[in-house]
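Have a look at the structure below before the remarks.
Read the figures in this text as sums done on the coordinates, not as results from a lab. Note that the structure is a prediction, hence the values are computed from the model and not measured. Glycine also receives a Cβ, built like all others from the backbone with ideal geometry; neighbour counts cover every protein chain displayed.
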Amino acid sequence: MNFKATDIAAFLNGEIVGDGDVQVSNVSKIEEGKPGTLAFLANQKYENYIYSTKASAVLVNKSFTPKEEISATLIKVDDAYEAFASLLDLYVQSKADSRQGIEQPSYISDKATIGEDIYVGAFAYVGKNAQIGNNVKIYPQVHIGENVKVGDDCIIYAGAKIYDDCVIGNRCIIHSGAVIGSDGFGFAPQKDGSYKKIHQIGNAVLEDDVEIGANTTIDCGTMGSTIIRKGVKLDNLVQVAHNVEIGENSVFAAHTGIAGSAKIGSNCMFGGQVGVAGHITVGNNVLVGAQAGVNSNVKDGEKLLGSPAIDIRKALRAYGLIKDLPDIRKDVLQLKKEMNSGKNNK
């Protein structure tokens, strides 16, 4: 589909600088722009690309003032990044999968309840007493266990597994390979050195608007529930252990691991490979840098880095000292040598 720059500006409440009749049919990175595409500039460290990009139009912030001539048409908006995200929403909606119906072979228990306008792909399995809402898309090879509840407008991509008794809210997205409600890691050591399995009889609950990345695992509670609150976004390869609770609108990058019974607040942001110890509480609005190890309670609003995680300002100062340690050691050895030489001369 082709859109004029003026049409895009109208949709975004933006202003045109240049040829408003130029047409675009796709999007591109500003450094890889091609004729007929729309790019955006939100981070000023990429500004140099705007003067050479071949993109036909570029979204920029209204505050942007060019230093050189620009061949592309500019569409000035309040927030270029947010505007670009809105356009991607529109693009995805235009390409949305409109499939409906039940493909064969697949299995849906005659005791399951299925909503309207759903799609069930081939080789999918829906167990006894499962409740599936309206406008749900269940892609091939998905497993939905007994007594599972899935809300309206959910998308469950190919190969995802949802164990018995779990609850999925409305508008959730579960990507391929994700496992919801698998057993928590519970074993009791025995006198003979073996381990006795502690059966996990709880479930996992995802509230509305949660997105779970590919190959992410969320364990069920040993008793009770593991709870992922409204609006949480988990990247690929995240591990959430038994009886963890994650507060609303928190986001976690790939390889984050949260140990059992930890409580994470709302609006937190965790970088990649963050580890969180079990049975601790992390407050609201906490930022944790990549590869940090959080092993104690954290107050609201803290910014942490390092392992064990400490205040980010202290961590950065410590890292600054670490890189100087070889020189400091050299100086100390030289000073020791001079002191010993002075003693021997007396």
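The figures follow:
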| quantity | calculated |
| --- | --- |
| Calculated [θ] (222 nm, deg cm²/dmol) that DSSP helices of n ≥ 4 give over the chain, each run adding -39,500 (n - 2.57) | -5500 deg cm²/dmol |
| Values of log10 I(q)/I(0), in the order q = 0.09, 0.18 Å⁻¹, for the stretch 120-276 under a Debye, Cα-only, solvent-free model | -0.27, -1.01 |
| Over 15 Å [Cα-Cα, the stretch 187-270], rounded percent | 58 |
| Most to least packed among 282-291, 52-61, 193-202 [average Cβ atoms within 10 Å] | 52-61, 282-291, 193-202 |
| Intensity falloff of the chain expressed as log10 I(q)/I(0), Debye formula with alpha-carbon point scatterers, at q = 0.06, 0.11, 0.13 Å⁻¹ | -0.35, -0.92, -1.08 |
| DSSP-loop GluC sites (Glu not before Pro) across the stretch 44-105, with at most 11 other Cβ within 10 angstrom | GLU68, GLU69 |
| Residues of type lysines that LYS67 reaches as a straight line, Cα spacing below 23 Å, ignoring anything fewer than 8 places off in the same chain | LYS29, LYS34, LYS45, LYS54, LYS76 |
| Along principal axes, Cα extents of the stretch 57-112, largest first, whole Å | 67, 20, 11 |
| Hits among aspartates and glutamates - C-alpha to C-alpha of LYS330 under 20 Å, sequence gap 8 or more where chains match | GLU338 |
| The stretch 12-149: radius of gyration and largest Cα-Cα distance (Dmax), Å | 22.7, 68 |
| Overall form of the stretch 92-164 per C-alpha gyration tensor (a/c, 1.5; a/b vs b/c) | prolate |
| GNM flexibility winner over the chain from LEU206, LEU38, LEU304 (Cα, springs under 10 Å) | LEU38 |
| Contour excess over end-to-end distance, with Cα ends at ALA42 and THR281 and 0.36 nm allotted per residue | 82.5 nm |
| Relative contact order (percent, whole number), the stretch 3-94, Cα cutoff 8 Å, 6+ residue spacing | 27 |
| Spin-label zone in the stretch 279-299 - amide nitrogen under 18 Å from a point set 7 Å from the Cα of ARG313 along the C-beta vector | 286-289, 299 |
| Above-threshold pairs, the threshold being 27 Å between Cα atoms, out of LYS303/LYS323; LYS111/LYS197; LYS137/LYS230; LYS62/LYS299 | LYS111/LYS197; LYS62/LYS299 |
| Cα-centre dipole for the chain with unit charges at Cβ (Lys and Arg positive, Asp and Glu negative), debye to 20 | 1920 |
| Rel. contact order, % - alpha carbon contacts under 8 angstrom, at least six apart, the chain | 6 |
| Trypsin sites (Lys or Arg not before Pro) within the stretch 239-312, DSSP loop, no more than 12 other Cβ atoms inside 10 Å | LYS299 |
| Nearby aspartates and glutamates by direct alpha-carbon distance to LYS95 (threshold 18 angstrom, same-chain neighbours under 8 apart not counted) | ASP117, ASP153 |
| The stretch 160-308, relative contact order [Cα under 8 Å, separation at least 6], % | 14 |
| Directionally averaged shadow of the stretch 167-222, computed from the convex hull of its alpha-carbon atoms, nm² | 4.2 |
